[in-house]
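These notes concern the structure reproduced below.
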Amino acid sequence: MKYYPVFWNITGKKCVVVGGGEVAQRKALRLIDCGAKVFVISPALTGELASLKDKNEIIHIAGKYSPSYIEDAALVISATDDDEVNAAVSRDARTRGIPVNVVDDPQKCDFILPSLVERGDLTIAVGTAGNSPALARHLREEMEKTYGEEYAALNNILGQLRPKMEKNAEVGKAWFERLMGAGLLDALRRKNREKAKQIVREATGEEVEFEF
């Protein structure tokens, strides 16, 4: 199986999680963080999911799964410990052309979820095509050591410079090489804000603002 990697904007879209346990909770939290309109289908909820319901951060459908609950969804995640329910969710979603993920069962999935390293707006995803979640986790832990919070600040700075960098590809390439060659990443790693701003100013003539 060869998966097509993509970063998907699901802001405001209906996303359904079937299940109310710890795994479903993790999936719901990720969807909330990405701005989705999250529906959780389960007779019972974890304490944290119940709290999210009370704060109107999820919509709780307190009952057994029914195919009508996934109508018009952008995606569906099934995170129950009931194989029959998981199979039904997968079948119903595919019939409706809705991308579906069944936790720990790649054969019932249209998509699988990568292991993530996040540094601000920078996201590094690791996938193994479902072959080894343990390897994906190992690689994620290695990258967490390599890519610290300085990369969040670097990404922020480059985002501010992007409008002018992309107007001229050669200028953009030259700016990037100057910034990295002048030690911008090291200044950010040491949280030396003034040095970092000076490097940007001297390399590009631009002023930037960023937080650590």
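Annotations
- Considering residues of the stretch 76-95 that are of a type in the set (S, T, N, Q) and assigned to a helix (DSSP H, G or I) only, the residue farthest from Ala24 (Cα to Cα): Thr95
- Scanning the stretch 141-158 for residues that are farther than 14 Å from Met180 by Cβ and surrounded by 17 or more Cβ atoms within 10 Å (Cβ to Cβ) gives Ala152, Asn156.
- Sub-6 Å Cβ pairs linking a first residue in the stretch 17-29 that is not assigned by TED's automatic domain parsing to the domain that holds Ala93 to a second residue that is surrounded by 23 or more Cβ atoms within 10 Å (Cβ to Cβ) and not in a helix (DSSP H, G or I), at least 6 apart or interchain, number zero.
- Here the stretch 31-51 is the region considered, the condition is being surrounded by 21 or more Cβ atoms within 10 Å (Cβ to Cβ) and not hydroxyl-bearing (Ser, Thr, Tyr), and the residue that is nearest to Asn9 (Cα to Cα) is Ala36.
- Selection status of Val6, free of Cβ contacts under 8 Å to residues at least 12 places away in the same chain and within 26 Å of Thr123 (Cα to Cα): yes
- Tally of residues being in contact (Cβ under 8 Å) with a residue 40 or more places away in the chain, closer than 16 Å to Val208 by Cβ and touching a Gly at 6+ places or on another chain (Cβ under 8 Å) across the stretch 165-198: 0
- Residue satisfying all of: in the stretch 91-102; surrounded by fewer than 21 Cβ atoms within 10 Å (Cβ to Cβ) and in contact with a strand residue (DSSP E or B) (Cβ under 7 Å, 6 or more places away or on another chain); farthest from Trp8 (Cα to Cα) among these: Arg94
Results for (1) within 18 Å of Pro106 (Cα to Cα); (2) assigned to a loop (DSSP other than H, G, I, E, B); (3) over 18 Å from the mean Cα position of the chain (by Cα); (4) not basic (Lys, Arg), shown as yes or no for each residue.
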{"site": "Asn9", "(1), (2), (3), (4)": "no, yes, no, yes"}
{"site": "Val23", "(1), (2), (3), (4)": "yes, no, no, yes"}
{"site": "Leu31", "(1), (2), (3), (4)": "no, no, no, yes"}
{"site": "Ala44", "(1), (2), (3), (4)": "no, yes, yes, yes"}
{"site": "Leu49", "(1), (2), (3), (4)": "no, no, yes, yes"}
{"site": "Glu57", "(1), (2), (3), (4)": "no, yes, no, yes"}
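The values are calculated or read from the model by the stated rules, or taken from the named source; none is laboratory data. Bear in mind the structure is a predicted one, so any value in this text is a computation, not a measurement. Every residue, glycine among them, receives a Cβ derived from its backbone with ideal geometry; neighbour counts consider all protein chains shown.
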